[in-house]
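Every read-out reported here was derived from the displayed coordinates using simple, explicitly stated rules and does not represent laboratory data. Quick caveat: nothing in here was measured; it's all calculated off a predicted structure. Because the Cβ atoms are built from the backbone with ideal geometry, glycine has one as well, and the counts that use them run over all protein chains shown.
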Amino acid sequence: MLKGKLKLPDKARRVFPDRLGSLVAGFDDKDEDIGDSGKELEILEPNGSGSGRETEDDYVEKMEEVRQIPDRDGAGIVSVKEVIAADEKRSDLEYQLSQKEINLERLQRIADSGLPDGGGLRATTWKLLLGFLSPSRDLWEKELTESRQKYSKLKEEFLSSPSEFRRDKEETLNSKEQNSDTEFDGSLRRHEISQEDHPLSLGKASLWHQYFQHTEMAEQIDRDLQRTHPDMKFFSEDTSFGRKNKEAMRNILLLFSKLNPAIRYVQGMNEVLAPIYYIFSTDPAEQNAANAEADSFSCFVRLLSDSVDHFCQQLDNSSVGILSTLSHLAELLKANDEELWRHLEVTNKVKPQFYAFRWITLLLTQEFNFQSILRIWDSLLSNPFGVQDMLLRFCCSMLLCIKSRLLSGDFAANLKLLQHYPNINIEHLLQEARDLSPDTSSYRLSP
C-alpha cells in the first residue's frame, strides 16, 4: 500500500473552541497522548494506480476509520466527520440568523447542540433565545436603540450621585428656559436646596439618604467582582481592559439591586452575569460590543426573571421558593432512579439543600470551567420549556452520572463529591438530561 501525507487545513483546526476537545465523548485528556495539533497525519491510499474515483462519503468514511484529529490545545481529539458537522452547523446557524424572520424552533435545536464560537453567533443567538431581540430582523435596530437609551437614563437617575443628578437636571431645565426667553435681563439666580436634598438629611425621601444606603451593597459587589474568574484576563484587574469590564458589571449589578429593593443584590449574581457580559462584550460587531453593558443588563434581568424568587429569603418556604425547587429535583431523581434517591435521602441524609442550592441559584456557574458553562447555557437557554426545566434535568443527570461513586460513599464522602463535582463529559451529561422522564415542564417557576 502506498502512503501519503495530509495536512489538516486551518479551517478544520479552528472549528472547536479552546478547552472543549476533552468534551468529545470517549476521550480523556488525562489518558490520551495526542501529540502536536500541527502534526502531519498519515493516510492510506487504495492499492493500484488509483483508477476509479472515491465518492465524498467513501473518503470521509475512510478518514474516520484511520485517523482522529487533535484539537488546537491538544486537550482532546475530534474526528473528520465532527469537523465537517461543525462547519455545517455554523453555516446553518449563519443562514438562520440572516433570515428576515428568524425560525426560533430551528434556532433552539441548533443551540441545544452547542453554538460555535466566533463571529458573534452566540451573542446574537442568546439575545434571541432570551427574548431580548424579536424574531423579526426589521425590528432589531429600533429595539436595540430603545433598550440602550432606557438603560442610559436609568444609569443617570440611579447611579449618579444626587448632586450630579440634580446638576444635570437643572442644566436641562435652564437650557429649556434660555431657549424660551427672548430677552435676558442679566440677573443671576441662586440654586435653592431643599432640606430633603441636603447630604446630611436623614429623611427617607432624601436622595442622599438613599444614595448612602447602597454604599454597603456596592462594597459587597466590589468584593465579589474581585473573585469573578480571576484566572481570565478578561476579568483581571491588572489591565485597564479588565478594570473597564469590572466597572461595567458593577454598574449592572448595582442598578439591578436599586431597581429591585425586595431582592437587592445577592452574593453570586456576579457569577450569573459574567457569561452574558463576556459573550456580548466580545461580539466582533463594534456597535454591539460598545453597548455590551446595556444589552447585558436587559438580558441579565430576563434570565433572572424565571428564578428571581430563589433569591428572596422570605419566599424560601413558598411554592415558588428555592426549597420547593429543590424538592422538585428530589422528585425527579426518585422518578428516574429510586435506588440512588433512597441512598442519598434516606440512608445518607444528603439533602439537595446541601449541594444543589448553589447549582440551581447560580445556574451551574461554580461547578464547571468557563468554556463548559457557555456550552451548558446554550442548552439551558434553548430549552422550549424554559431554563428551569433543563436546569433541573441537568442537575439530576449530574447525580445519575456518578451513581456508582455515590452508592459506595457515606455522608461525608458524598457531600464532598457533590460540592466538588468531578470532571465529566459535558455532552454526555446533556444527553442524559434530555433523556430523563417524566416531563418536568410543570416545575417551571414562571407561567
Beta carbons within 10 angstrom, averaged per residue: use that to sort the peptides 304-311, 95-102, highest first. 304-311, 95-102
Using only alpha carbon pairs under 8 Å that are at least six residues apart, calculate the relative contact order of the range 322-370 and give it in whole percent. 33
Give me the one-decimal nm value for the distance between modelled label points at GLU286 and LEU323, 7 Å along each residue's Cα-to-Cβ direction. 5.5
As I understand it, the dipole of the range 279-390 uses +1 on the Cβ of Lys and Arg and -1 on the Cβ of Asp and Glu, about the Cα centre. Which of LEU374, SER298, LEU332 lies farthest toward its positive end? LEU332
Could you list, in their original order, any pairs among LYS81/LYS233; LYS334/LYS403; LYS127/LYS246; LYS150/LYS244 whose Cα atoms are separated by more than 24 Å? LYS81/LYS233
Modelled FRET efficiency - R0 35 Å, GLN431 with GLU331, Cβ distances, 0.05 increments: 0.95
Quick one: net charge around ASP224, please, counting Lys, Arg +1 and Asp, Glu -1 for every other residue with C-beta under 12 Å from its C-beta. +1
Sort the following peptides by mean Cβ neighbour count (other Cβ atoms within 10 Å, averaged over residues), highest first: 372-385, 286-299. 372-385, 286-299
Could you tell me which of LEU133, GLY118, LEU97 has its Cα farthest along the dipole of the range 89-149 towards the positive end, charges placed at Cβ (Lys, Arg +1; Asp, Glu -1), taken about the Cα centre? GLY118
Can you give the extra length, in nm with one decimal, that the chain gains between ARG342 and ASP306 once fully stretched, where that is 0.36 nm per residue apart less the Cα-Cα distance? 10.0 nm
Give, as a single signed number, the net charge of other residues whose beta carbon lies under 15 Å from the beta carbon of ASN245, with Lys and Arg counted +1 and Asp and Glu -1. -4
7 Å from Cα along Cα→Cβ at both GLU247 and SER136: what's the point-to-point distance in nm? 3.9
Taking a spot 7 Å from the Cα of GLU146 along the direction of its beta carbon, which residues of the range 117-135 have an amide N less than 19 Å from it? 127-135
Using a basic spin-label model with each label point 7 Å from the Cα along Cα→Cβ, how many nm lie between ILE424 and ARG223? 3.3
Within the set of other residues whose C-beta is less than 10 Å from the C-beta of GLY119, count the net charge using Lys and Arg as +1 and Asp and Glu as -1. -1
